[in-house]
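J.: There's a structure below that I have some questions on.
The values are calculated or read from the model by the stated rules, or taken from the named source; none is laboratory data. Since the model is a prediction, treat every value here as computed from it, not as a measurement. Neighbour counts run over all protein chains shown; Cβ positions are idealised from the backbone, glycine included.
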Amino acid sequence: MTQSSKQTALPPGYRLAEYTIVRQLSVGGFSVVYLALDDADRKFAIKEYLPRNLAERNQEDGVTVPHEMDRDAFNLGLKCFFEEGRVLSGISHPTVVRVSNFFRANQTVYMVMEYADGRSLGRELELAGGRMEERLIRKWFAALLSGLREVHSQRLLHLDIKPANIYLRRSGVPLLLDFGAARQTLSRRDKHFAAMYTPGFAAPEQYERDQPLGPWTDIYGIGACLYVCMGGATPQNAKARSESDALVPAAKAFGHLYSRELLALCDRCLALSPDDRPATVLEVQKCLQQTEYSKPEKPAAEGNRLMGWIRGLAGGRRREGTE
């Protein structure tokens, strides 16, 4: 079946527990997200567990698994999705999406999350011309990492940190969306989900089923986001980098635009070996919170032009003095 037929969205007006579906917000390989209203007309985002390679919707709006051999994988993802919702519902932090409810219906699980007005970091980058000021990068990511520390303290990983999953509220406070722990569990357990990560932002260990994942994995994603915010293209995917690393280090690509400290932090976060990355999210956050850091280095060409101008000016004055 096609993707659209497998992941047919619930229609506008559909009643789901005490919520009414307004419209579909997004669809991916793992879930469908809706805008919904509760009985008090408050807005929520509701995520429905609907992995397209395992399940489909029937005419009664229920989610079914057509092939019995996929049942165990579906149930594993369902369990992880439910556990993810349970953990997130216990976290109250301004930069972590708030889960207010999660429940079973239609033979699947739904996660009810806050709906925030604003736009994604990816969209913000487009509007800024593809590059962010260092001041904003430090401010936004330091705040975001405060929430990520809380997530890690609950033994939950994000595993899909990228500009599209970082949301900026109208107030300017960043929000971390769309956790992928359950999605990653299926990716590493089932061949159907071998590509359920985001190339360029996924760490090398996410490509290997026998490599442990941990906070260091999310730190790689943070590094990739920093790189893009400085004006870089999406980094070369980690699997390709492991074979032939063609990624230009931030220190070399953006030395004339950002401080040495920020550039070095970005490059450390993007290290292929977890041992070479910062040990904790707290370490990354402290680096970002530094109030004193070096000024960007001037490009060599600009420096040469400046020195040439100074020498020419000095020579002209010497000639004037001899006349």
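J.: Among the numbered conditions (1) part of a loop (DSSP other than H, G, I, E, B); (2) in contact (Cβ under 8 Å) with a residue 60 or more places away in the chain, tell me where L145 comes up short.
T.: Result: L145 passes all but (1).
J.: If Y258 passes every condition in (1) surrounded by 15 or more Cβ atoms within 10 Å (Cβ to Cβ); (2) at pLDDT 95 or above; (3) in a loop (DSSP other than H, G, I, E, B); (4) under 17 Å from the mean Cα position of the chain (by Cα) but one, which one does it miss?
T.: Among (1) surrounded by 15 or more Cβ atoms within 10 Å (Cβ to Cβ); (2) at pLDDT 95 or above; (3) in a loop (DSSP other than H, G, I, E, B); (4) under 17 Å from the mean Cα position of the chain (by Cα), the lone unmet condition for Y258 is (4).
J.: Find the residue count for segment 123-147, including only residues that are more than 28 Å from T291 (Cβ to Cβ) and surrounded by 15 or more Cβ atoms within 10 Å (Cβ to Cβ).
T.: 0
J.: Further question on the same structure: Could you pull out the residue among L270, L226, L213 that is touching a helix residue (DSSP H, G or I) at 6+ places or on another chain (Cβ under 7 Å), crowded, with 17+ Cβ neighbours inside 10 Å, under 19 Å from L159 (Cβ atoms) and at pLDDT below 95?
T.: Going through L270, L226, L213 in turn, the sole match is L213.
J.: Take the residues in segment 238-272 that are free of Cβ contacts under 8 Å to residues at least 60 places away in the same chain and of a type in the set (S, T, N, Q), then tell me which one is nearest to L144 (Cα to Cα).
T.: Among those that are free of Cβ contacts under 8 Å to residues at least 60 places away in the same chain and of a type in the set (S, T, N, Q), it is S242.
J.: If a residue counts only when it is at pLDDT 95 or above and more than 24 Å from the chain's Cα centre (by Cα), which strands (runs of 3 or more DSSP E) contained entirely in segment 1-103 have at least 3 such residues?
T.: Here the list reads 19-27.
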